[in-house]
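The values are calculated or read from the model by the stated rules, or taken from the named source; none is laboratory data. Quick caveat, the model's predicted, so the values are computed rather than measured. We place every Cβ from the backbone using ideal geometry, glycine too, and count neighbours over all the protein chains shown. We work out accessible area using only protein heavy atoms, side chains counted, and drop any ligands, DNA or RNA first. Shrake-Rupley method; radii C 1.70, N 1.55, O 1.52, S 1.80 Å.
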Amino acid sequence: MAIFKPTIFQDISGSVGNVTSYKVGKTQIARGKPGFVKDAKTPEQLKQRARLSLITKLRRRFLKILSVGYCSPSGKICANCFTRDNIHKVNADDVENPTVDLLTLSLSGGGLRLPLIEAEVNKEKRLVTFRWKQQPLMPFMAKEDRLMGVIHEREEKKSRLVELGTRGTSGEEEWSLPEDWDVNQLVVYGFAVSANGQNASGTLGLLETNGDA
């Protein structure tokens, strides 16, 4: 609320935008409207809001992974990177039910080259097996680069980071699913991080499981 001595606005009452002016005795008073919000109205504004809402929900599933994949302990920096890399992947034609192909999500980013990682799921044994191949020395890759696997469970909305090995050697790593995870609800990813944790590659979408045999 503000009390002022009016000049050209003397004796004015009513609202302009989110401000209401009125007179009490000889005193002119201006007060802001509570809860005044400029809401999204155009179709594109509504779509962008829907995209951002879905990306925000997805980001919460990968918080620990993003700090490694985007090489920063700052939650704000990781959130900005994740949003930047993924918001354009969201289909918001139906603003009430936006969708995204989880296998295309970026969980990491930087100047390193993509690693050579594969994954398979043994549903009977409830195992995720990662396999990776040694890569030759080239710009933007080093034999000491650390290889990472990520397993996401869609229904539980949880993710785990598994350190696999290094780029300079071939190898294999098995990971057992937690008891409460559904083997038909998995999305598996991979990426590389420099030995000092200051740089990373983009993200490989390795596989997604469903109810098929």
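Here are a few things to note about the model shown:
- Here Ala200 qualifies as in the same structural domain as Lys64 (by the TED database), touching a helix residue (DSSP H, G or I) at 6+ places or on another chain (Cβ under 6 Å), more than 21 Å from Thr99 (Cβ to Cβ) and open to solvent by less than 40 Å² (accessible area, probe 1.4 Å).
- Extreme residue, modelled with the lowest pLDDT, among residues of region 203-213 that are among the aliphatic types (A, V, I, L, M) and surrounded by fewer than 19 Cβ atoms within 10 Å (Cβ to Cβ): Ala213
- Condition check for Pro98 on (1) open to solvent by less than 80 Å² (accessible area, probe 1.4 Å); (2) closer than 18 Å to Val150 by Cα; (3) of a type outside the set (A, V, I, L, M, F, W, C); (4) in contact (Cβ under 8 Å) with a residue 40 or more places away in the chain: one failure, at (2).
- Against the conditions (1) within 29 Å of Thr209 (Cα to Cα); (2) modelled with pLDDT under 95; (3) open to solvent by less than 80 Å² (accessible area, probe 1.4 Å); (4) of a type in the set (D, E, K, R), Asp85 satisfies every one except (2).
- Subset of region 187-213 (residues that are under 15 Å from Gly165 (Cα atoms) and assigned to a loop (DSSP other than H, G, I, E, B)): Ser194, Ala195, Asn196, Gly197
- Some residue of region 171-184 being under 23 Å from the mean Cα position of the chain (by Cα), under 15 Å from Ser201 (Cβ atoms) and without any contact (Cβ under 8 Å) to a residue 60 or more places away in the chain: no
- Number of the condition not met by Glu163 [criteria: (1) surrounded by fewer than 13 Cβ atoms within 10 Å (Cβ to Cβ); (2) more than 23 Å from Leu63 (Cβ to Cβ); (3) touching an Asp or Glu at 6+ places or on another chain (Cβ under 9 Å)]: (2)
- Those residues of region 119-148 which are within 12 Å of Thr166 (Cα to Cα) and among the small types (Gly, Ala, Ser), in sequence order: Ala142
- Listed by position, the helices (runs of 4 or more DSSP H) inside region 38-129 whose residues that are basic (Lys, Arg) number at least 3 are 43-59.
- Criterion (out of contact with any helix residue (DSSP H, G or I) (no Cβ under 6 Å at 6 or more places or on another chain) and either open to solvent by less than 70 Å² (accessible area, probe 1.4 Å) or without any contact (Cβ under 8 Å) to a residue 24 or more places away in the chain (or both)) met by exactly one of Val150, Val121, Val187: Val121
- Residue within region 123-139 that is touching a strand residue (DSSP E or B) at 6+ places or on another chain (Cβ under 7 Å) and either under 30 Å from Ser53 (Cα atoms) or at pLDDT below 95 (or both) present: yes
- Residue within region 145-152 that is in contact with a Lys or Arg (Cβ under 8 Å, 6 or more places away or on another chain), farther than 25 Å from Ile77 by Cβ and in a strand (DSSP E or B) present: no
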